[in-house]
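The values are calculated or read from the model by the stated rules, or taken from the named source; none is laboratory data. Predicted, not measured: the structure shown is a model, and the values here were computed from it. Note that we place each Cβ from the backbone using ideal geometry, even for glycine, and neighbour counts take in every protein chain shown. With ligands, DNA and RNA removed, areas are computed over all heavy atoms of the protein, side chains included. Shrake-Rupley method; radii C 1.70, N 1.55, O 1.52, S 1.80 Å.
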Amino acid sequence: MLSVKTKCCLVVQGLLYGVLAVELIVMQPCKCQRDPYFRFNDLLYRWIALDNWTYTTTFTGSPQIRIKHKVLLIFDGVDTVASISLNGIILGKTDNMFRRYDFSVRDLLNDGDNVLEVSFFSPILYASKRWKAHSSYTVPPECPPDVQKGECHVNFIRKEQSSFSWDWGPSFPTVGLWKGVRLEAFDILQFIQLSSLPLYNHSCSQWRLQAELLVDVVQTFDGKVELSIPELDSKQTFQMRFLQGRLNYNFTLNINQSRAVKLWWPSGHGDQPFYLLTVRGFLGRFLILSKESKVFFRTVELVQEPVVGSPGLSFYFRVNGRQVFLKGSNWIPAHSFQDQVTPASLRNLLRSTADANMNALRVWGGGVYEQDLFYDICDELGIMVWQDFMFACAMYPTEDDFIQTVREEVAQQVQRLKSHPSIIIWSGNNENEAALATNWFSIPASLKPMYIKDYVTLYVNNIRQIVQEEDPSRPFLVSSPTNGAESEQEGWVAKNPYDPRYGDVHFYSYVLDCWDWKTFPRTRFASEYGFQSWPSFSTLQSVSVQEDWSYSSDFTSHRQHHEDGNQQMLQQAALHFILPNSTDPLKRFTDSLYITQIMQAECVKTQTEFYRRSQSEVIEGKGHTMGALYWQLNDIWQAPSWSSIEFGGKWKMLHYFAQNFFAPVLPVAFEDDDTLFVYAVSDLNRGLKLRAVVIVHSWSDLDSVCTLTSNLLLVSGGSAVAIFKQSVAALLAGCGRCTRLTCLLTFHLQNEDGIQQGPNNHHFLCSPKDAQGLQRPNITAKVQEDDSGFTVTLHSAAVAPFVWLDLGNIPGRFSSNGFLMVTRNVTISFDAWCPTSVAELSRSLTVTTLMDVY
Ligand code: BMA
């Protein structure tokens, strides 16, 4: 392994992974110009993946290894197409980055030097070669849109699909060893994997743990396996025959019924307890295997059943018998170079997920099956994972060798991941049903049946079949979006997989006004929706130079991979905001970044609130919405995208908003015709008596105009109900000197003791660009430190919308940001992720409000 001194300046290491490529490393002074992410380097480094590369290393063997009966050379991840040889003898070839490969090497090892060589074929040339060879019919799409500056035919190679570019990411088709390589030597058996599934038998109210042991046995023998969970007083011993070769052995441990089993719950619904399972193997009296692993108990079902008042089917998750609303986002690869994803960065992103009151993430099918630590942290934090298989936005070939490598990939990944309670569903692909159904690739109607046949072959007859065999404990969905059971009825490809009355929906519209909730589909489950924004200036600054800092620079358009994306953001923002027009070019640029973040935060807030408040209603057959996963949580590089967290971990305004709009108890306001409604949404497991408090403010004055209060209403757990209703005209008339242009509303919920429940929320009665009376707030800020950390106290002279605190590159997050300030003073805390000081924070802090860009 390399020792990496300055992370940002390893040129080729980034592209080729660090494992064996020692001779390729060029250390540069840390100006970062050689960082693959710097400016246009993605284009400058394009040649690297067009070339073939050989990684060579020499290691010393020893007689202690060779006296063992079997020696395996194990590659946990080879990216992607390679020929592997040891001491000049070819061990085998690889073609799938998502598989582990091992080779039996005992008889090839020397006691002295051994030369290991991994020769990689260019992934781009390989994909193109496979595409050419597939001459009988095309397997679209051929190439990504030009705006993505990517490579073609990624669907022909089992590699991270977004590594050939995506609409939020660069093309860095990595080449190398992306996971560990090691020798394992053994005499009796080699332990490969232990997995476990909790199964609950309703008829006798008993938990069973199905444990699976994957081992490679040198010679058949009779032995004994003992399974125990001491804390649950449960233990069983199995006499058995271990057969020569690599095999899976299944055991069922019945859990002692006199013990109360503590269940794993999604975040917000309970704790995430685990037990320790011990597995020991014996040959006679000799202990030949001893493993311990965490086990969790929970059940999950995907409920698709008739809905009263609707022709469709429900689509929601029931965990431990309880209906759960999924709140969260979609996860993409955290870096183009997976070896750069550190445990700390992973933990930070997932912590930020849970801190924003999310309980779910979808691991999207164009990336990678994430590393073990990702799922460990999700288990620990109660984040439910919707796990896609890695196929996205394309048709795929179905030749024998392709299917075979996919089968092995799927079996290995399911075995590796199935013990994680956080994973609540497997899903075959991203948007491929929709691509076929709505003909993204202009396939002639006469050929459609053939593509459907390929689709069914891959996802149903192979992937689904393996998953169902390997894992009876979770639902499997063929695609997303899909109509689920209805798609199955229609032969796996529904006429309209976006039908809001069935399954899940992906919905994007950049031109329609996102403040108008009527534009959103009232779906059963919104698994993707979103709007782009730009990351903050400090994030962009690290990979750009001064000439890049304008909204119309080459850099700005280079980083935008979604056609017209930069314009769409401004157009959507212009519906409600005055666009930045400062004569100072840098200020105009940073103001533009800020306004795109406001636009995104407000849009996703409106849409998410619409989904959350639609959970208890069925209107015209639609509704009973039970999931809101916006697109997308994180970023792969420093660029405009749909993410709520910037590359590097900094929260965008959207992520701060998410913390509120995903709060367990939430007030939501909206207008229908001229009537204002406030809904109370509760994800709690118990009822609450709540009232809505609606405060009318004038844009021009920090003293509020009037306050209206609803009656108390019992809001049951897991429901959304209207708690306040009044015509806007009547409300304003009752408030004296208010009009839609001069006033705005804030509101919150209160329990019977007058204690606020859930966050404050706001509702604008006009676009802020039309608001009358907005003043410059002249905000002053004071940073302080006490025992609990840093605080920033703000003082404002006027109502200030979208107050944005920015500390540049200082890592950390505020307790709240991007908020509407309707009081003279507010104190915010800052959670610093690295040591810092009051002086440093005071020096770096900037405060921006909407008036600053006007
Ligand atoms: C969805 C995703 C991604 C994409 C996103 C934004 O459809 O599945 O493919 O990045 O939209 O366009």
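Within the range 594-607, is there a residue that is in a loop (DSSP other than H, G, I, E, B) and either open to solvent by 30 Å² or more (accessible area, probe 1.4 Å) or aromatic (Phe, Trp, Tyr) (or both)?
Residues of the range 594-607 that are in a loop (DSSP other than H, G, I, E, B), as a first pass: none.
No, every residue in the range 594-607 fails to be in a loop (DSSP other than H, G, I, E, B) and either open to solvent by 30 Å² or more (accessible area, probe 1.4 Å) or aromatic (Phe, Trp, Tyr) (or both).
Within the range 87-103, the residues that satisfy the criterion of being touching a helix residue (DSSP H, G or I) at 6+ places or on another chain (Cβ under 7 Å) and buried (at least 18 other Cβ atoms within 10 Å of the Cβ) are Asp95, Asn96, Phe98, Arg99, Arg100.
In the range 334-356 there is at least one residue that is more than 14 Å from the chain's Cα centre (by Cα), open to solvent by less than 10 Å² (accessible area, probe 1.4 Å) and more than 16 Å from the ligand (Cβ to nearest atom).
Would a scan of the range 178-193 turn up a residue that is among the small types (Gly, Ala, Ser) and away from the ligand (no atom under 16 Å from the Cβ)?
Quick first cut of the range 178-193, residues among the small types (Gly, Ala, Ser) only: 180, 185.
From the residues that got through so far, the ones that are away from the ligand (no atom under 16 Å from the Cβ) too are 180, 185.
Yes, that holds for at least one residue.
What are the residues in the range 456-475 that are among the polar types (S, T, N, Q), out of contact with any strand residue (DSSP E or B) (no Cβ under 9 Å at 6 or more places or on another chain) and open to solvent by less than 60 Å² (accessible area, probe 1.4 Å), if any? Quick ask: steps written out before the conclusion?
To start, the set of residues in the range 456-475 that are among the polar types (S, T, N, Q) comprises 457, 461-462, 465, 468, 473.
Narrowing further to those that are out of contact with any strand residue (DSSP E or B) (no Cβ under 9 Å at 6 or more places or on another chain): 457, 461-462, 465.
Result: Thr457, Asn462.
Quick check: anything in the range 404-417 open to solvent by 10 Å² or more (accessible area, probe 1.4 Å), under 18 Å from the mean Cα position of the chain (by Cα) and more than 16 Å from the ligand (Cβ to nearest atom)? Within the range 404-417, one or more residues are open to solvent by 10 Å² or more (accessible area, probe 1.4 Å), under 18 Å from the mean Cα position of the chain (by Cα) and more than 16 Å from the ligand (Cβ to nearest atom).
Test of understanding: among Arg130, Arg158, Arg208, which residue is among the basic types (Lys, Arg) and within 30 Å of Leu253 (Cα to Cα)?
Details: Arg130 fails: within 30 Å of Leu253 (Cα to Cα); Arg158 fails: within 30 Å of Leu253 (Cα to Cα).
Answer to the selection: Arg208.
One residue is enough: does the range 576-589 have a residue meeting the conditions modelled with pLDDT of 95 or more, under 30 Å from Leu765 (Cα atoms) and within 16 Å of the ligand (Cβ to nearest atom)? Taking every residue of the range 576-589 in turn, none turns out to be modelled with pLDDT of 95 or more, under 30 Å from Leu765 (Cα atoms) and within 16 Å of the ligand (Cβ to nearest atom).
Can you tell me which residue is surrounded by the fewest Cβ atoms within 10 Å (Cβ to Cβ) among those in the range 764-810 that are closer than 25 Å to Leu676 by Cβ and among the charged types (D, E, K, R)? Going through the qualifying residues, I end up with Asp770.
Would you say Ser195 is open to solvent by less than 30 Å² (accessible area, probe 1.4 Å), over 17 Å from Met390 (Cα atoms) and among the hydroxyl-bearing types (Ser, Thr, Tyr)? Explain how you work it out, then say what you get.
Details: open to solvent by less than 30 Å² (accessible area, probe 1.4 Å): yes; over 17 Å from Met390 (Cα atoms): yes; among the hydroxyl-bearing types (Ser, Thr, Tyr): yes.
For Ser195, the condition - open to solvent by less than 30 Å² (accessible area, probe 1.4 Å), over 17 Å from Met390 (Cα atoms) and among the hydroxyl-bearing types (Ser, Thr, Tyr) - is met.
Candidates Ser527, Ser473, Ser480: the one that is in contact with a Lys or Arg (Cβ under 8 Å, 6 or more places away or on another chain), within 28 Å of Glu212 (Cβ to Cβ) and within 16 Å of the ligand (Cβ to nearest atom) is Ser480. Yes or no: Leu302 farther than 23 Å from Leu346 by Cα, within 21 Å of the chain's Cα centre (by Cα), open to solvent by less than 60 Å² (accessible area, probe 1.4 Å) and among the aliphatic types (A, V, I, L, M)? Here the answer is yes, as Leu302 does meet what is asked.
I want to confirm something. Restricting to the range 118-137 and keeping residues that are surrounded by fewer than 20 Cβ atoms within 10 Å (Cβ to Cβ), of a type outside the set (Gly, Ala, Ser) and part of a helix (DSSP H, G or I), which single residue is farthest from the chain's Cα centre (by Cα)? Filtering the range 118-137 for residues that are surrounded by fewer than 20 Cβ atoms within 10 Å (Cβ to Cβ), of a type outside the set (Gly, Ala, Ser) and part of a helix (DSSP H, G or I), the one farthest from the chain's Cα centre (by Cα) comes out as Lys132. Of the residues making up the range 40-75, those that are within 30 Å of Leu125 (Cα to Cα) and open to solvent by less than 50 Å² (accessible area, probe 1.4 Å) are Asn41, Asp42, Tyr45, Ile48, Ala49, Trp53, Tyr55, Thr57, Leu73, Ile74, Phe75.
I'd like the residue in the range 616-636 that is closer than 17 Å to Val505 by Cβ and open to solvent by 10 Å² or more (accessible area, probe 1.4 Å) and, out of all such residues, is nearest to the ligand (Cβ to nearest atom).
Pass one, the range 616-636, residues closer than 17 Å to Val505 by Cβ: 617-632.
Remaining after also requiring open to solvent by 10 Å² or more (accessible area, probe 1.4 Å): 617-620, 622, 624, 631.
Numbers: Glu617: 27, Val618: 27, Ile619: 26, Glu620: 26, Lys622: 21, His624: 23, Trp631: 5 Å.
Here the answer is Trp631.
Out of Val147, Val115, Val154, one residue alone is exposed (fewer than 14 other Cβ atoms within 10 Å of the Cβ) and of a type outside the set (S, T, N, Q). It is Val115.
Please return the ranges of strands (runs of 3 or more DSSP E) entirely within the range 305-351 where 1 or more residues are under 30 Å from Gln638 (Cα atoms) and of a type in the set (Gly, Ala, Ser).
Here the list reads 326-331.
Quick check: anything in the range 438-455 within 16 Å of the ligand (Cβ to nearest atom), over 30 Å from Tyr249 (Cβ atoms) and open to solvent by less than 20 Å² (accessible area, probe 1.4 Å)? No - not one qualifying residue is present in the range 438-455.
Please determine whether any residue of the range 785-802 is over 24 Å from Ser698 (Cα atoms) and assigned to a helix (DSSP H, G or I). Walk me through it before giving the result.
Here is the first cut: in the range 785-802, the ones over 24 Å from Ser698 (Cα atoms) are 785-792.
Then drop every residue that is not assigned to a helix (DSSP H, G or I), which leaves none.
Scanning the range 785-802 turns up no residue that is over 24 Å from Ser698 (Cα atoms) and assigned to a helix (DSSP H, G or I).
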